[in-house]
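The block underneath contains the structure these notes are about, expressed in structure tokens.
Rule-based calculations on the coordinates, nothing more; no lab input. What you are looking at is a predicted structure, and each value in this text was computed from that prediction instead of being measured. Don't worry about glycine lacking a Cβ; one is built from the backbone with ideal geometry, like all the others, and counts go over all protein chains shown.
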Amino acid sequence: MNRAASPAVTVMSSALYLILLFSALWTLSFCGTRQFHVVNEKKNWNNAQKYCREKFTDLATIESQEEMDALKAVLNGTAGDFWIGLKQKDKHDTTNWIWSDGSNSSYKYWNDKEPNNGGGEMCVQVLHDFAYRWNDAGCQWSHPFICYKKLPLILINQKKTWREALRYCRENHVDLVSAYTEEIQHWVETAVYYASTANVWMGLRHTCTLSFWFWVNGVSICYQNWAPGNGTGVEDCSGGERTGAVQSGSKKWVSLPENQRLNFICNTSEEI
């Protein structure tokens, strides 16, 4: 005959699960999300590259249509032509290009009849008047430019339950992201731009036994970014433990049942 678990057993089970949540971190990955920054100072390509490497990570690298869309969103209609991090390997070969940071250059977004190689050392700019499509131009010319900062986060565009997402992040990266500061929240907001689900899992967990929210990395919840009606009242635990996600649209946090299947964000550095 089945017997209901005693309160003591329930508390012990919850405590054991908390211990598992705070357990050791595993494999470190160097993948990350790029956050683009527009610099409205006119510099030649080489000086723009130097500036970006000193202040951010490098001149903008764009490896997919999703990243190109994100870059256009940052420019938001800003007039002008802007250097990005693509440069000709050989001035006599218009088919061979390399990104400033050495990334794969298979993705292209050339304007019509480009590149046309005007001669000399050629670099790539995005053109406002042509929907920010790419144009090759002499690297010696001065233009504003776009840098990127490599963030220690990665969006996983798969649909998993919260526990599956936690396991995936700890096995393949470091952990589900804990957005315990406003800066990390801004990184999360960059990452969710690429999400295919309306909400995206974070490492935010509620314990019904002890009635509080916590981050899986053990940091207390001081900074908060809850959507109205979420996270600050008594949670309905009738359907099991509650877990936290960030909304792709508003970027606010919401309380959800753990068995929903969502995209999720892993952090890739043990320093956050």
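Using the number of other C-beta atoms within 10 angstrom as an exposure proxy, rank H173, H143 with the fewest first.
H143, H173
With just the Cα atoms defining each centre, how far is region 131-178 from region 74-121? Give it in Å.
Taking the Cα centre of region 74-121 as reference, the centre of region 131-178 is 20 Å away.
Using the Cα centre of the chain as origin and beta-carbon charges of +1 (Lys, Arg) and -1 (Asp, Glu), tell me which of N111, G77, V174 is placed farthest towards the positive end of the dipole.
Farthest towards the positive end: V174.
What is the chain's relative contact order, in percent, from Cα pairs under 8 angstrom and six or more apart in sequence?
Answer for the chain is 23 percent.
Which links in K42/K252; K91/K149; K108/K251; K108/K159; K89/K113; K55/K159 stretch past 25 Å when you go from one Cα to the other?
Beyond 25 Å between Cα atoms: K42/K252; K91/K149; K108/K251; K108/K159; K55/K159.
Viscosity 1.306 mPa s, temperature 10 °C: Stokes-Einstein D of region 152-267 from its Kirkwood Cα radius, in µm² per second?
So the translational diffusion coefficient is about 115 µm²/s.
When L210, L127, L86, L151 are ordered from fewest to most other Cβ atoms inside 10 Å of their Cβ, what list results?
Fewest to most other Cβ atoms nearby, the residues stand as L210, L127, L151, L86.
Counting alpha carbon pairs within less than 8 Å and at least 6 residues apart, what relative contact order, in whole percent, applies to region 185-251?
Taking the mean separation of contacting Cα pairs over the length of region 185-251, I get 46 percent.
Step through the residues of region 214-220 one at a time and calculate ³J(HN,Hα) from phi using the Karplus curve (6.51 cos²θ - 1.76 cosθ + 1.60, θ = phi - 60°), rounding each to whole Hz and writing x for Gly and Pro.
Those phi angles translate into 8, 8, 5, 7, x, 7, 5 Hz.
Which one of F36, F82, F212 has the biggest mean-square fluctuation once the chain is modelled by GNM with Cα springs under 10 Å?
Result: F212 has the largest fluctuation of those listed.
Could you identify which residue out of D58, D101, D93 has the top mean-square fluctuation in a GNM of the chain using Cα springs shorter than 10 Å?
D93
Evaluate E = 1/(1 + (r/R0)^6) for C237 and Y51, where r is the Cβ-Cβ distance and R0 equals 51 Å; express this FRET efficiency to the nearest 0.05.
0.45
Considering the values (1) 84, 35, 31; (2) 55, 41, 40; (3) 66, 41, 30, which represents Cα extents along the principal axes in Å as calculated for the structure under consideration?
Only one listed value fits the structure, namely (1).
For the residues H206, H128, H92, what sequence is obtained by ranking on other C-beta atoms within 10 Å, fewest first?
Least to most surrounded, the residues fall as H92, H128, H206.
Okay, helix-only estimate at 222 nm for the chain: each DSSP H run of n ≥ 4 adds -39500 (n - 2.57), divide by all residues, round to 500 deg cm²/dmol; what do you get?
-6500 deg cm²/dmol
Once the Cβ-Cβ distance between R163 and S196 is put in as r, and R0 is 22 Å, what FRET efficiency do you end up with, to the nearest 0.05?
Efficiency at R0 = 22 Å is approximately 0.65.
Take every Cα pair under 8 Å in region 152-267 that's 6+ residues apart, average their separations, divide by the length, and report that relative contact order as a whole percent.
42
Any idea what the alpha-carbon Rg over 2.2 N^0.38 Å comes to for region 33-150?
So the Cα radius of gyration is 0.94 times the expected 2.2 N^0.38 Å.
D129 to C222: extension gain in nm, 0.36 nm per residue of separation minus the Cα-Cα distance?
Difference between extended and current length: 29.0 nm.
Which is farthest toward the positive dipole end of the chain among F36, N199, C139, measuring Cα position about the Cα centre, with Cβ charges +1 (Lys, Arg) and -1 (Asp, Glu)?
N199
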